[in-house]
Amino acid sequence: MVFIGSLGSKNKTELQDLASILSLSIAGTKADLQQCIEDEFEKHPELKNEAQFLGLFKQSQKRPAPTNKDMAAGFNDIFQSQPPLQRHRLNTMAETMPSTLYSM
């Protein structure tokens, strides 16, 4: 099982699964479990490098904010794009109604 996301985002069942894998007690509240797991990782920092736990500690990388040059290029792409080659026509009310209604 691979764990991803912060411990604070985990529900109690997920924390119990993690505690079980770490051979910790699964009893207690969510806060108790979270504290117990955090303590275990502090005692054994090498666990943070194991593949199944890497997602708990890896910092998410945010995209850099776009520069003015990037934004200008994006606007040019939008305004220079071609319209679709074929547009779908919406059916008019007359086309969707049975022909028997017209003969009245």
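Report yes if some residue within the range 79-91 is modelled with pLDDT under 70, of a type outside the set (D, E) and part of a helix (DSSP H, G or I); otherwise report no.
The answer is yes; a qualifying residue exists.
Counting only residues that are exposed (fewer than 14 other Cβ atoms within 10 Å of the Cβ) and of a type outside the set (V, I, T), which one in the range 1-16 is modelled with the highest pLDDT?
The residue in question is N11.
For the range 11-23, give me the residue count where each residue is under 17 Å from E50 (Cβ atoms) and either touching a residue at least 60 places away in the same chain (Cβ under 8 Å) or not in a helix (DSSP H, G or I) (or both).
2
Looking only at the range 17-29, which residues are open to solvent by 70 Å² or more (accessible area, probe 1.4 Å) and at positive phi?
S23
If I ask for residues that are of a type in the set (A, V, I, L, M, F, W, C) and open to solvent by 70 Å² or more (accessible area, probe 1.4 Å), which ones from the range 32-51 would you list?
A51
The values are calculated or read from the model by the stated rules, or taken from the named source; none is laboratory data. Model, not experiment: these values are computed from the prediction. Cβ atoms come from the backbone with ideal geometry, glycine included; neighbour counts cover every protein chain shown. The protein model used for the area step is the full one, side chains on, heavy atoms only, and it has no ligands, DNA or RNA in it. Shrake-Rupley method; radii C 1.70, N 1.55, O 1.52, S 1.80 Å.
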